[in-house]
Amino acid sequence: MSSAPPSVPNNVRVKKLMDDVDPVPGGTSSPPSSSPSSPSSKKPIGPRLAKVLKWAKRLGVVAAALIVASLLGAWLLIRHYEADLPSVAELERGYHPSQVTRVVARDGTLLAEIFTERRTVVSIDELPPHVKLAVLAAEDANFYNHEGLNYLGIARAFVINLRSGRTRQGGSTITQQVVKNILLDTQERTYKRKMREALLARRLEQELCPTCGTDDEGRRRRKDKILELYLNHIYFGSGRYGIEEAARYSFGKSARELTIAEAAMLAGIPAGPEIYSPKRDLKRSLGRREFVLQQMHEKGFLNDAQFETAKEEPIRLAPAHETDSELAPEAVSIAKKLLLELEPDRGPRGGFTITTTIDPRLQAAARKSLRENVQAYDKRHALVAPLKAPSVAQTPTKGKKAVSAAPPPVFEGTPTFESHKVFTGVVVSADDVSGTIDVRVGTVLGSVKVADYKRYNPAGLSPTQFAEVGARVRVSLLAPVPNVATPLREGAPAAPITKVPLRLELGPESATAVLDVRTRQVLALVGNYEGAAGGLDRATQSRRQPGSTFKPILYSYAIHARRYTPATLVDVQPTVFAGNYKPGNYEGWTGTDPLRLREVLANSVNVGAVHVLEDVGPASVVDWAKALGIQSTLKPDLSLALGSYEIHPMELVGAYATFAAGGMYEEPRMVTRIVGPDGKDVELKPPPPPRRVLDPAEAYVTTSLLQSVIDHGTGAKAKSLARPIAGKTGTSNDSKDTWFAGYSTEIASVVWVGYDDNKPLGSGETGASTALPAWIALMKAAHENKPRAEFPRPPGVVTIPIDPKTGKRAATEEGALDEVFLEGTEPTDTAEEPTGSKDGAGPSTSDASATASAPATDAGVAP
């Protein structure tokens, strides 16, 4: 048996077969014989064939020349693009991320480091395999097989772009993205950039890590280094760069601890960092996660069981932790927004220094005062652990009054994450090992990490001690409900399959804004209790009913229009106004005799305010409010007098600062300087020019009226500051909003307290009891070591002794009160006879012992 013949290359074998083929159709394999007598077998070449052969030779020469020229042109083109390419050796000398943008306070104190450099470099060897595979599936599944370029992907992208007439798809590999983002550092979309990128990609694959070797193991190590550069440099949105910071921000854990589902969610973000971030748009992020998991499954990176488990895994986003807190995250957010408006191209790359007007000492004091204030509210309303289940004592029996407020009704149905609502659930269990309590919210079972809510657990109780089974708690969903459970039997409760992460919403929120009266710079800004980056800034972003804090805006217009003076008598008896409007005085005032305007304001008498608004005209007051900086929508109806239309706290403090500054309005400002990476100042937008709204005399009279609120009105607690203060309390319907707004000669500030979902704060909660304590605390800190200063009295103000009962000129000094008037508006009539009165007067009164004739408490907005 003969051995098999050695294998022969296909082209050789084809040639051999061709040689064996008979060149003469139908003939034999041997050549035909010829005899001397026969004519020669060679025929002469005809002139036509000779001409064709001649041109063929010429065309061959031309083609060869074109090929040589093309090769030479290509070589020269490559040399041209290679001329100024950055060196791959730069990466060998160390990975140096781009710059930090710093936001600083007025004294240089660092408030935050933001944008491009929020990264923690992590070694590729420390990451679990599924993290790397998730990124490869999302970005470049063939990464470990190609040499830097995906020619098929480039061709596909070229066809797509050619068809669309614009650049829609890039076809870039991970290596190309590393080149683009680190070595070239450009986002331009041109063929020149793509050529340079391709050249550098091949060079990076060949020259990075010379010590790695040229064998398969060395090639793998070189690929690992390129992937490591990519994972540490790529942008994941929300100012987070690199896989480690993205994992900590989104899931509160290291990238080393990511599950397959979490890794897939993060791997999907770089395709659209501001679109697919789970904390910005969870629905889109979940869709992107599903795509990446599908890719991992199709590429063989996951088996069926891993794929199915990852698909069903619920998302647990990391809540804002106290460790993530900054001194002034609200100010940092505003500074960042301004930078991106001024520098849309350079801003995201970092390297800027933004100087704000924030006073770090006052900022810390403001947040402390607000936190302590709402914590006091929490204690008053039993919102601090241990949380108790409803007891029999909370239900009135045998005609007796309940010992405490009835518990809120429990939510029924299936809650939704998309509604962003607060629900009342019931604690069903607690787990000290996992540190959670389980709460049933309708048909859904959720869990709360107790460690995240020190506000309600100051004693650090364990979950089993934190809340009794059966306790009712207010919560909101931190993620969508992954599935809707079905009842086991008719009438039986649903049996949820997974637990939804929940956020405790037990107590109210609070906000404050503090301005320098002279410069209108924002000295402190607090928009939430947590003080966490990314939180809702209720001082500038939320609108709430200002209640009676709007009344000074109304009365200042009445003074400005010369329709009223502090001594003008106002009817305070409840009545029916136009449109069947029936405001009441509530517990603010029970008297029926007319009151002087000063006392109407000091005692927050609602009916009197509506009478004044009806007289001066609601439309005029709307325009007046806009002149004072109120940009929120106000409607010209009678409820305007009681602050029924929602405004921002920042708008209100701007209006009050105008009174304090003698009637000159200036827009509050927070950023004073931005220095770019090149050391040059970025040109800021010029602020609107200051405008005079009140003349100094009108502003002084308004301030004098507001001093009565402190002297003997609803804000009397503020007398503890022991310095001239003007201000006003405010409480909206059902105590859903409580306020105090006021100022000294130097500082204007406003405090708001309330629930985001407009839940009533409860009986006895008013501006004087709920908001004023925080305002006093922050103003005490603001004036520490500062001398007492009186409000300066400008020309155009006169003081006249008046009869406190009639508001007319006093006939004698006995029982008279000194009152301030705009020059020319003082009363001309004289009272018929001296009348004593217990009515209070302003700070300028000559009768220091005068007091109000009824207890002064804050009154809210009429229905």
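The values are calculated or read from the model by the stated rules, or taken from the named source; none is laboratory data. What you see is a predicted model; the values in this text were computed from it and never measured. For neighbour counting, all protein chains shown are included, and Cβ atoms are generated from backbone atoms with ideal geometry for every residue, glycine included. The accessibility values were calculated without ligands, DNA or RNA, using every heavy atom of the protein model including side chains. Shrake-Rupley method; radii C 1.70, N 1.55, O 1.52, S 1.80 Å.
Each peptide among 554-566, 720-732 gets the average number of other Cβ atoms lying within 10 Å of its residues, and from highest to lowest they stand as 720-732, 554-566. The trypsin sites (Lys or Arg not before Pro) found in the range 574-642 include none that occupy coil by DSSP while having at most 12 further C-beta atoms within 10 Å. Simple spin-label estimate for V675 and D431 gives 5.2 nm between the two label positions (7 Å along the Cα-to-Cβ direction from each Cα). Are there trypsin sites (Lys or Arg not before Pro) in the range 753-808 that DSSP marks as loop and that have at most 16 other Cβ atoms within 10 Å, and which are they? Here the trypsin sites (Lys or Arg not before Pro) that fit, given the DSSP loop and packing criteria, are R788. Using Cβ point charges alone (K and R +1, D and E -1), the dipole size of the range 588-646 about the Cα centre works out to roughly 140 debye.
A viscosity of 0.692 mPa s and a temperature of 37 °C, combined with the Kirkwood radius over C-alpha pairs in the Stokes-Einstein formula, give the range 777-834 a diffusion coefficient of 238 µm²/s. For E509, nonlocal amide neighbours, meaning residues 5 or more places apart or on other chains whose placed amide H falls under 5 Å from its own, are G754, Y755, D756. With contacts taken as Cα pairs under 8 Å at a separation of at least 6 residues, the range 590-715 carries a relative contact order of 28 percent. Expressed as a whole percent, the accessible area of the range 415-482 that falls on carbon and sulfur atoms is 54 (1.4 Å probe). The residue list A627, T672, Y645 was ranked by how far each Cα lies along the charge dipole of the range 613-715 toward its positive end, using unit charges on Cβ atoms, and T672 comes out on top.
Evaluating 6.51 cos²θ - 1.76 cosθ + 1.60 at θ = phi - 60° for every residue in the range 221-230, the Karplus couplings come out as 5, 5, 5, 4, 5, 5, 5, 5, 4, 4 Hz, glycine and proline recorded as x.
Peptides 541-552, 375-386, 229-240 ranked from most to least packed, by the mean per-residue count of other Cβ atoms within 10 Å: 541-552, 229-240, 375-386. Quick check: Cα centre of the range 629-703 to Cα centre of the range 285-347, how many Å? Going from one Cα centre to the other spans 37 Å. Say the dipole of the range 721-831 comes from +1 at the beta carbon of Lys and Arg and -1 at that of Asp and Glu; which of L822, F740, L778 then lies farthest toward its positive end? Of the listed residues, the answer is L778. Once the Cβ-Cβ distance of R106 and A532 is raised to the sixth power relative to R0 = 25 Å, the FRET efficiency obtained is 0.65. For the range 665-715, trypsin sites (Lys or Arg not before Pro) are listed when DSSP marks them as loop and at most 12 other Cβ atoms sit within 10 Å of their Cβ; the list is K680. When each of the peptides 507-518, 457-468 is scored by the mean number of other C-beta atoms lying within 10 Å of its residues, the order from highest to lowest reads 507-518, 457-468.
Annotation: the range 672-734 has a Kirkwood hydrodynamic radius of 15.7 angstrom, from the mean reciprocal C-alpha pair distance.
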